[in-house]
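Shown next, in structure tokens, is the structure this report addresses.
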Amino acid sequence: MANNIRRPLQYVLGAFMVSFGVVTLLRTNIGAGAWDTVNANLSALTGITLGTASFLVQGLLVLMIMLYRKEVKYILISVSIILIAIGIDFWDILIYGDYFYQGLAVRFAVFFGGVFVLTAGLSLIILTHYPAAIFDEFMMMVMHIFHTEKIFFPRLFVEMLAIVLASGFGFLAGVGFGAVNVGSVILAVVLPFILSVQLSWMRPLFDVKV
């Protein structure tokens, strides 16, 4: 019974932290995760909110996966997509507003703080054992399409696809590369390591037994 209450609360908290981390990274203007840059540049192009852009992009990926796999179970991932989209708009519109971090040292300090919060939120979600990782599922689909069990190149393809899409949206919007910056490269390198560290120390405290 305790787990039935704890798991959804932990899941919502994780999504709330992820959304805060995403918006914080974007407000440093150093860069963000590859797919977060897609959302940001799509928002700049269309005028829709950042959360709406996140919902549309990830929703489209879920639809692609469902059509390819021919399984409706992937619709469950939409729960995290909706929660994170709502959280992103909350932090972006209601909390941050027009504020952006200034000063290179401050921006880098906040950037790595944002990475810490983002990975902590992801860890909380992962440890509920609920479905969540849309981009991992997308990578698995790519692996299946190309008949490979090696992760590196499919993951690289997924990340590069996001960078290409984000750059295209950015130039169409007249903002150049927009949210794509050096931080996007840094994040691609350090996030898996930080996430693994976060999971290792958080697992004894937050792992919800199914």
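The values are calculated or read from the model by the stated rules, or taken from the named source; none is laboratory data. Given the structure is predicted, the values throughout are model-derived calculations rather than measurements. Here Cβ is always computed from backbone atoms with ideal geometry, including for glycine, and neighbour counts include all displayed protein chains.
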message: Criterion first (surrounded by fewer than 18 Cβ atoms within 10 Å (Cβ to Cβ) and of a type outside the set (G, A, S)) does V115 satisfy it?
response: no
message: Given the criterion closer than 25 Å to F116 by Cβ, free of Cβ contacts under 8 Å to residues at least 40 places away in the same chain and touching a helix residue (DSSP H, G or I) at 6+ places or on another chain (Cβ under 7 Å), identify the matching residue among V22, V18, V57.
response: V57
message: I need the full set of residues from segment 131-152 which are modelled with pLDDT of 80 or more, surrounded by fewer than 16 Cβ atoms within 10 Å (Cβ to Cβ) and not aliphatic (A, V, I, L, M), in order please.
response: H144, F146, H147, T148
message: One residue is enough: does segment 184-204 have a residue meeting the conditions farther than 23 Å from R107 by Cβ and within 17 Å of the chain's Cα centre (by Cα)?
response: yes
- line: Of the residues in segment 25-81, those that are among the β-branched types (V, I, T), surrounded by 16 or more Cβ atoms within 10 Å (Cβ to Cβ), in a helix (DSSP H, G or I) and out of contact with any Pro (no Cβ under 7 Å at 6 or more places or on another chain) number 8
message: Kindly evaluate I5 against the criterion of being under 27 Å from F206 (Cβ atoms) and touching a helix residue (DSSP H, G or I) at 6+ places or on another chain (Cβ under 6 Å).
response: no
query: Taking the stated definitions as given, is F138 touching a helix residue (DSSP H, G or I) at 6+ places or on another chain (Cβ under 7 Å), assigned to a helix (DSSP H, G or I), in contact (Cβ under 8 Å) with a residue 60 or more places away in the chain and over 16 Å from L13 (Cα atoms)?
result: yes
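Given the residues S167, S184, S123, which is the only one that is crowded, with 17+ Cβ neighbours inside 10 Å, touching a helix residue (DSSP H, G or I) at 6+ places or on another chain (Cβ under 8 Å) and within 30 Å of N4 (Cβ to Cβ)?
Working: S167 fails: within 30 Å of N4 (Cβ to Cβ); S184 fails: within 30 Å of N4 (Cβ to Cβ).
S123 is the lone residue from the list that is crowded, with 17+ Cβ neighbours inside 10 Å, touching a helix residue (DSSP H, G or I) at 6+ places or on another chain (Cβ under 8 Å) and within 30 Å of N4 (Cβ to Cβ).
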query: Do we have G87 as among the small types (G, A, S), in contact (Cβ under 8 Å) with a residue 60 or more places away in the chain and farther than 21 Å from L56 by Cα here?
result: no
- request: Could you check how many residues of segment 143-182 are under 22 Å from T28 (Cβ atoms) and under 19 Å from the mean Cα position of the chain (by Cα)?
  value: 14
query: If the Cβ limit is 7 Å and pairs must be 6+ apart or interchain, which residue in segment 186-199 that is in contact (Cβ under 8 Å) with a residue 24 or more places away in the chain and farther than 11 Å from L118 by Cβ pairs with which residue that is assigned to a helix (DSSP H, G or I) and charged (D, E, K, R)?
result: A188/E159
